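Engineer: After the structure tokens below, expect a handful of questions from me.
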Amino acid sequence: KAGVTQTPRYLIKTRGQQVTLSCSPISGHRSVSWYQQTPGQGLQFLFEYFSETQRNKGNFPGRFSGRQFSNSRSEMNVSTLELGDSALYLCASSLATASGGPGYAAGELFFGEGSRLTVL
Amino acid sequence: AQTVTQSQPEMSVQEAETVTLSCTYDTSESDYYLFWYKQPPSRQMILVIRQEAYKQQNATENRFSVNFQKAAKSFSLKISDSQLGDAAMYFCAYRYTYTGNQFYFGTGTSLTVIP
């Protein structure tokens, strides 16, 4: 079974530009989460999508957005890039068993190798 | 907000020896999961071990085991018979049961294995 695939692996942008990162989850996984990893802040949760709906969102500005398609593939977009957006962006998929509300179960995260964004 | 603290930025261990990585967390919830993830250099993160908070028995996966102290909010990872392939960054993580896949990660411990 193929793992989580993230593209592109590396990219360089300049301040003010925007970027779109893509994530293909493991087949059958309906939950896709995004994390930002930096040396100073560590891993921080951006958002989670399940069945094309955002069901959790971290504490990031509105410049960070995402979406999920019907085949569970997900994209995240960062607009008006800032130097501080330089990071490794990790996507993770999960075999979540239900959507929304208390009591639903969610499995372990399976991570991709990440997209390393450098903003100059 | 939940916080996860790893107080050891770097640790080292001799090959074949045992090492313990520390993790503490802060939460007011009673239903949650705790995890240790491993991130080898330039490679993807993988799950090492998971503990459900409602289980009193400590989780074990081969050479990896945890010491889960719920009252103390402590969750340490013990690696026995350390191998060169264990060298990696180790992250402790917390997830509240009812908020899906919103994980809170510690800042990580870089483990070096000395041959």
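Laboratory data are not the source of any read-out in this text; all were calculated from the coordinates shown. Since this is a predicted model, take the numbers as computed values, not measurements. Every residue, glycine as well, gets a Cβ built from its backbone with ideal geometry; the counts of neighbours run over all protein chains shown.
Engineer: Which pairs have Cβ atoms under 8 Å, sit 6 or more apart or on different chains, and link a residue in the stretch A:55-71 that is away from chain B (no Cβ under 14 Å) to one that is hydroxyl-bearing (Ser, Thr, Tyr) and surrounded by 11 or more Cβ atoms within 10 Å (Cβ to Cβ)?
Structural biologist: A:ARG63/A:SER79; A:ARG63/A:THR80; A:SER65/A:SER79; A:ARG67/A:TYR49; A:ARG67/A:SER74
Engineer: How many residues does the stretch B:1-37 contain that are surrounded by fewer than 17 Cβ atoms within 10 Å (Cβ to Cβ), in a strand (DSSP E or B) and β-branched (Val, Ile, Thr)?
Structural biologist: Final tally of qualifying residues: 3.
Engineer: Here's a follow-up. So which residues in the stretch A:1-29 are within 11 Å of chain B (Cβ to nearest Cβ) and within 21 Å of B:LEU47 (Cα to Cα)?
Structural biologist: Passing the criteria: A:GLY3, A:VAL4, A:THR5, A:GLN6, A:HIS29.
Engineer: A further question on this structure: Looking for whichever is among the basic types (Lys, Arg), surrounded by fewer than 19 Cβ atoms within 10 Å (Cβ to Cβ), touching a strand residue (DSSP E or B) at 6+ places or on another chain (Cβ under 7 Å) and over 21 Å from A:LEU120 (Cβ atoms) here; the options are A:ARG73, A:ARG15, A:ARG9. Which one fits?
Structural biologist: Selected residue: A:ARG73, the only one of A:ARG73, A:ARG15, A:ARG9 that is among the basic types (Lys, Arg), surrounded by fewer than 19 Cβ atoms within 10 Å (Cβ to Cβ), touching a strand residue (DSSP E or B) at 6+ places or on another chain (Cβ under 7 Å) and over 21 Å from A:LEU120 (Cβ atoms).
Engineer: Which one is farthest from B:TYR104 (Cα to Cα), of the residues in the stretch B:38-92 that are aliphatic (A, V, I, L, M) and in a loop (DSSP other than H, G, I, E, B)?
Structural biologist: Filtering the stretch B:38-92 for residues that are aliphatic (A, V, I, L, M) and in a loop (DSSP other than H, G, I, E, B), the one farthest from B:TYR104 (Cα to Cα) comes out as B:ALA87.
Engineer: Here's another thing I want to ask about it. Looking at the stretch A:23-34, which of its residues are touching a residue at least 60 places away in the same chain (Cβ under 8 Å) and surrounded by 15 or more Cβ atoms within 10 Å (Cβ to Cβ)?
Structural biologist: Scanning the stretch A:23-34 gives A:CYS23, A:PRO25, A:ILE26, A:HIS29, A:ARG30, A:SER31, A:VAL32, A:SER33.
Engineer: Hey, among the residues in the stretch B:93-105 that are at the interface with chain A (Cβ under 7 Å from one of its Cβ atoms) and part of a loop (DSSP other than H, G, I, E, B), which one's surrounded by the most Cβ atoms within 10 Å (Cβ to Cβ)?
Structural biologist: My answer is B:ASN101.
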